[in-house]
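Before any comments, here is the structure.
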Amino acid sequence: MTQIGYLDTGVLIGFCLTVDSHHEPCSEYLSTRPDEIYSGERVEREYDNTAETVVQRYTGGVRRHRVAVQSSSYTGELGPSDLRELQRSHLAPDNPTRDTIAELYDQLPQVVYVDTVVDYLRKLERDIEQMALNRKDTLDDAIVDYWCCDDSHPEVRSAVDLHEPDLTICVEGHDLAETIGGTVELATANPTDFVDEGTDTTIESATALSGVVDCTTA
Amino acid sequence: MVPKTVFHKFWSLSDRYAEAEFDTELGVPRYWYKYGELVDEQSVDSGFFVAPSAPWGGQAYKPVYDEGDGEFDLGRREQQVIEQTVEWALDQFDQWSARKLEAHQYRKHAPNEFIRSYSELRERLQYTGLDEQVPLSVYEPDGPDTNREVVFELLDQTVAAYPTEDPAFEPLSDAFFRWEDTARLLIEQERDFARLEVFLDEFVQVVSEAVLRFQFADGVDQERVAEWRTDGEACLERFESTLAERRSELLREREQSGVLQSVSATYDEMVLDDLTNDE
């Protein structure tokens, strides 16, 4: 029987927006477990909103610091104390990417040109944006369909104790399983929402889904 | 008979001269736009000229001579100022093309250094044909590509000159810094100066409509300025979505640099922490 993986938003986020930590287990799940992969329309909408916010927040943070460095009075070669001072004076405490940028500075050579610092920051900004784009393209190629369901399935809604948007995601998965047949499991990277406190068992008994799998530990 | 663009620039330069040289405000409604400083015809009584269609496709501006001087109700001093100003303008700019007048306006009267900077890049792209000129140095192994370097240096200048402290430019700042990095990406990946020229032109259009036209308007009817302000917001939104598409296209073709990978642990921790806290 065809084994189908129905991905929740957490899997899309983990696969596309983290470099390694959640990307690797999600990638491992996708390449080994299901014969076919589906996701839901609501999942994609949630993912798109999150990805836009996350990517804008971090690229914006890197860009803000990069422009501050470019507009600063620093020129030519910088030594370790210059780099420390540059961070102290030009890396704002409220910059959302502060820790990542600080980590990048730690990896720079002892003596480095300002232009090289700017170049590294440009690369970081582009890498963040590009990673999300490329990985979403990869997922889109692998996903058969982002399932859309018109039926509200009140029987499922009343039986499963989930909040929105998780409830609609679960209903879309149920509708998919009911419509196409086969073994459809809900693949999640959010065990707190879909696995813990017996939620996985409730989903299994109240829906046409065969079960819930936590991609981050599968 | 003169073309519209020449007439407008001539008019605006004369008004500036009268103000600077004779401390006389003639009240010409001027505003900055893509092509330099222009005059808002809708805010003036235009009975003293006609502008029929011209053989070159635009409009030809001609004076109406039977309009008596008295119609304008000018004082003796204003009349003298106007006469001297016209004399000066003819002496300075007679036979100048619209392009030359525009370059002059940008160099002498641009409202700030940022506007001067991008216009310098624009001129360079428009008139020097960087596409056709392949510097000999690119044939040397690891030789510098001087045309690319020129463009990068001019882009750096525009970044350094961006008026971050000026609230008028605040709404545009994110779009500008994203645009600048995308322009650089375009040259790094495709070395396509002609495409950069179009891309810069689109940016100049949005600066003009989303900032310049209403922020640097002098004597223009207030209702019209308010209309421009509203149109400017929509124009910026459209530009942001086009920019996002162009940028994505270029990024999709790019190789990852490895910089994000080198800080992956800290980056992932930040993403997961933020997402957990946002829930």
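Here are the numbers:
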| item | result |
| --- | --- |
| Segment A:1-157: relative contact order as a whole-number percent, Cα under 8 Å and 6+ apart | 34 |
| Relative contact order (%) - criterion: Cα under 8 Å, at least six apart; region: chain B | 20 |
| Extended-chain gain in nm, criterion 0.36 nm per residue less alpha-carbon gap, residue A:201 and residue A:108 | 28.5 nm |
| Per-residue mean of C-beta atoms belonging to partner chains within 10 Å, peptide A:189-198 | 1 |
| Violating pairs (Cα-Cα greater than 32 angstrom) within the set A:123/B:108; A:123/B:9; B:4/B:108; A:123/B:100 | A:123/B:108; A:123/B:9; A:123/B:100 |
| Peptide A:61-71, shielding by other chains (average Cβ, 10 Å cutoff) | 3 |
| Tail weight of P(r) past 24 Å, computed on alpha-carbon pairs of segment B:168-279, percent | 47 |
| Under 20 Å from the residue A:158 label point (7 Å along Cα→beta-carbon), backbone N, segment A:175-214 | A:175, A:202-209 |
| In Å, descending, principal axis extents of the Cα set of the protein assembly as shown | 95, 58, 42 |
| Chain B: most fluctuating residue of B:28, B:207, B:86 per GNM, C-alpha cutoff 10 Å | B:86 |
| Computed over segment A:82-218: relative contact order in percent, which uses C-alpha pairs under 8 Å that are six or more apart | 17 |
| In nm, spacing of pseudo-spin labels at residue B:104 and residue A:167 (7 Å Cα→C-beta vector) | 7.2 |
| Given charges at Cβ of Lys, Arg, Asp, Glu: the protein assembly as shown dipole, positive-most of A:188, B:47, B:220 | B:47 |
| B versus A: buried accessible surface, summed, Å² (probe 1.4 Å, to nearest 100) | 3400 |
| Segment A:58-163 - accessible surface per residue (Å², probe 1.4 Å) | 48 |
| Per-selection Rg to Rh, segment B:68-119 - Cα, Kirkwood hydrodynamic radius | 1.17 |
| Choice from A:183, A:192, A:50 showing the highest fluctuation, given a GNM over chain A with Cα pairs closer than 10 Å | A:192 |
| Lys/Arg +1, Asp/Glu -1 at C-beta; the protein assembly as shown dipole; positive extreme among B:200, B:32, B:86 | B:86 |
| Stretch gain in nm, segment residue B:161-residue B:95, where the contour uses 0.36 nm per residue and the Cα spacing is subtracted | 20.5 nm |
| Shielding of A:118-131 by partner chains, average beta-carbon count, 10 Å | 6 |
| GNM result for chain A, Cα springs below 10 Å: residue of A:107, A:56, A:87 fluctuating most strongly | A:107 |
| Debye log10 I(q)/I(0) for chain B, one point scatterer per Cα, at q = 0.09, 0.14, 0.16 Å⁻¹ | -0.57, -1.13, -1.35 |
| Dipole magnitude of segment A:1-49, debye to nearest 20 (Cβ charges: Lys/Arg +1, Asp/Glu -1, about Cα centre) | 80 |
| Whole-number Å³ per residue for the convex hull built on Cα positions in segment A:88-218 | 177 |
| Dipole magnitude of segment A:79-191 about its Cα centre (Cβ charges: Lys, Arg +1; Asp, Glu -1), debye to nearest 20 | 740 |
| Apportionment of accessible area to carbon and sulfur, segment B:151-279, percent (1.4 Å) | 43 |
| Tail weight of P(r) past 24 Å, computed on alpha-carbon pairs of segment B:1-129, percent | 33 |
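The values are calculated or read from the model by the stated rules, or taken from the named source; none is laboratory data. Treat the numbers as computed from the prediction; the structure is a model and nothing was measured. Quick reminder, even Gly has a Cβ in these numbers, built from the backbone with ideal geometry, and neighbours come from all protein chains shown. Each accessible area value is taken on the protein alone, full model and side chains, heavy atoms only, with ligands, DNA and RNA left out. Shrake-Rupley method; radii C 1.70, N 1.55, O 1.52, S 1.80 Å.
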